[in-house]
Amino acid sequence: MAIEDDDWRLQGQEKYLLGRAMRWTAWAPYREDWDHDHCEFCMAKIWDRYSVGDDHVQYNAAWVTTDDSYRWVCLKCFADFRARFAWSVVGDAPAP
Ligand SMILES: [Zn+2]
């Protein structure tokens with residue numbers, strides 16, 4: 001399904017996410033005192049404390065920008081916005 005220009009998740013991420021290289025990885029802190037991250041699009045929480053049935057943390061792995069490991073994109077948003085943002089994939093994608 002094509003993503004519409006007025007999709008609520010689009011908030012100008014083109015400025016910093018267009019054409020980036022992305023890799024799939026388990027969540028890891030950006031720096032030592034870092035807590036959790038959110039998907040750049042839908043704000044889903046990505047954290048290593050994920051557990052099944054936990055409503056507060058949606059993922060424990062996601063796509064992240066390869067060069068700085070700073071911008072996280074959840075599985076669903078990656079699929080939805082991959083074509084629009086022309087991301088290149090480094091390494092293996094998760095099994096479907
Ligand atoms: Zn998302």
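Most exposed first by the Cβ proxy, i.e. fewest other Cβ within 10 Å, how do K15, K45, K76 rank?
In increasing order of surrounding Cβ atoms, one gets K15, K76, K45.
Could you tally the net charge around A44, taking each other residue with its Cβ under 13 Å from the Cβ of A44, Lys/Arg +1 and Asp/Glu -1?
Around A44, the charge tally is -2.
Given labels modelled 7 Å from the Cα in the Cβ direction, how far is it in nm from A93 to S69?
Distance between label points: 2.4 nm.
Taking the Cα centre of the chain as the origin and placing charges on Cβ (Lys, Arg +1; Asp, Glu -1), which of H56, A44, C77 is farthest toward the positive end of the dipole?
C77
Through the Karplus equation 6.51 cos²θ - 1.76 cosθ + 1.60, θ set to phi - 60°, convert the phi angles of region 4-10 into ³J(HN,Hα) values in whole Hz; use x for Gly and Pro.
Coupling constants for region 4-10: 7, 5, 9, 3, 4, 7, 7 Hz.
How big is region 14-88 along each principal axis, measuring the range of its Cα positions in Å and listing the largest first?
32, 26, 18
Taking amide hydrogens as modeled 1.01 Å from N in the peptide plane, which residues meet the under 5 Å criterion relative to H38, leaving out close sequence neighbours?
HN-HN under 5 Å from H38: I46.
If you take every DSSP beta bridge whose two residues both sit in region 14-88, what share of them, in percent to the nearest 5, is antiparallel?
If we restrict to bridges inside region 14-88, about 75 percent are antiparallel.
Round to the nearest 10 and give me the degree value, 0 to 90, for the angle of helix 75-85's Cα axis relative to the longest principal axis of the chain.
Rounded to the nearest ten degrees, it is 30.
Please compute the length gained on full extension between A79 and Q11, using 0.36 nm multiplied by the number of residues separating them and subtracting their Cα-Cα distance.
22.8 nm
Please give me the summed charge of the neighbours of D7: other residues whose Cβ is under 10 Å from its Cβ, Lys and Arg +1, Asp and Glu -1.
-2
Give me the dipole magnitude in Debye, nearest 20, for region 14-88 about the Cα centre, with unit charges on the beta carbon: positive for Lys and Arg, negative for Asp and Glu.
For this selection, approximately 380 debye.
Just so you know, all these numbers are worked out from the coordinates, no wet-lab data involved. In this text the structure is predicted, and so the values were computed from the model without any measurement. Positions of Cβ are generated from backbone atoms using ideal geometry, with glycine treated the same way; all protein chains shown enter the neighbour counts.
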